[in-house]
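Here's the structure, in C-alpha cells; my notes come after.
The values are calculated or read from the model by the stated rules, or taken from the named source; none is laboratory data. If you're wondering where the values come from, they're calculated on a predicted model, not measured in any experiment. As a convention, Cβ positions derive from the backbone with ideal geometry for all residues, glycine included, and neighbour counts pool all protein chains shown. Heads up: the accessible areas ignore ligands, DNA and RNA and are worked out on the full protein's heavy atoms, side chains in. Shrake-Rupley method; radii C 1.70, N 1.55, O 1.52, S 1.80 Å.
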Amino acid sequence: MKAAHAASNGTVTRIHLSERDALVVVDVQADFLPGGRLAVPGGDEVVPTLNRYLSLAQLRGLRVFASSDWHPPRHCSFRFHGGPWPEHCVAGTPGAAFAPGLDLPADAVIVDKGTQEHSDAYSAFEGTDLARRLRDIGARRLLVGGLATDYCVRATVRDALGEGFDVLLLQDAIRAVNVKPDDGERAEREMEEAGATPVHLQDFAP
C-alpha cells in the first residue's frame, strides 16, 4: 500500500509532515558499506537518499534519531564468540563510525545499541531509551530507513509498531543483507503486514 495516491479528481495526495513525526536512521555505519567487515550489498546507495530525507526533516522541523551498533570486542554476535557474523562495529573503531557523507544534523540523537556482550540488540529499541525519547518529544509517526532491511531495520520497525508508533518504511533508503536471495523482500512484506506503510521520497509533499 502506498501512502500517496490518486484522488478522484486525478490529483496526487502526498504525505505532509509535522512535529508529530520523527526520522529514524538505522545503522548506516562504515562496516556495513562496501569494503566494510559486514558489507551490505549496495549499502552505500542509501546515503544520498537518506540525505534527501534528512534535508526534508530539517525543512519540516522533524527530530532525527540515528542508531548505531556499538559492540564490545567480545560481542555475542561475532563468529569467534559463537555468533553468526564477522566482527563488526566495535565501539570506537573506524568501522563503527557513521557512513562518510551521511549528513546527520548536529542535534541528531545518537542511539547506541548492542553495547552489552550477551545481547544481540538488532532493534534500535532493544536495551535503549529510544521509545521514551520519542514519546518525550510527542512523536506519533516514525520514518524509518537504513541498514539492513532484513535485520536491524525489520527489528526496529516491528518494535516501533509494538510501542504504538505509526511507521513509514523508507523503501528507497534500505538495503538487505540477503543471506538467502529473497530475505529482503520477505522482510519488507513482514513489515507491511505488521502495519508499516512503504513510502518513497516522491510520496512526500515538497
| field | Hits in region 130-156 - residues which are free of Cβ contacts under 8 Å to residues at least 60 places away in the same chain, closer than 16 Å to residue 69 by Cα and either open to solvent by 30 Å² or more (accessible area, probe 1.4 Å) or not small (Gly, Ala, Ser) (or both) | value | 149, 150, 151, 154
| query | Do we have any residue at all in region 181-196 that's surrounded by fewer than 17 Cβ atoms within 10 Å (Cβ to Cβ), under 18 Å from residue 40 (Cβ atoms), at pLDDT below 95 and of a type outside the set (Phe, Trp, Tyr)? | reply | yes
| query | Has region 104-111 got any residue that is surrounded by 14 or more Cβ atoms within 10 Å (Cβ to Cβ), modelled with pLDDT of 95 or more, acidic (Asp, Glu) and part of a loop (DSSP other than H, G, I, E, B)? | reply | no
| said: Considering only residues that are surrounded by fewer than 19 Cβ atoms within 10 Å (Cβ to Cβ) and without any contact (Cβ under 8 Å) to a residue 60 or more places away in the chain, which ones fall in region 160-180? | reply: 161, 162, 163, 164, 166, 179, 180
| query | Among the residues of region 167-200, which ones are closer than 16 Å to residue 32 by Cβ, of a type in the set (Asp, Glu) and outside any helix (DSSP H, G or I)? | reply | none
| said: Name the single residue that is surrounded by the fewest Cβ atoms within 10 Å (Cβ to Cβ) among those in region 59-82 being farther than 23 Å from residue 141 by Cα and in contact with a strand residue (DSSP E or B) (Cβ under 6 Å, 6 or more places away or on another chain). | reply: 73
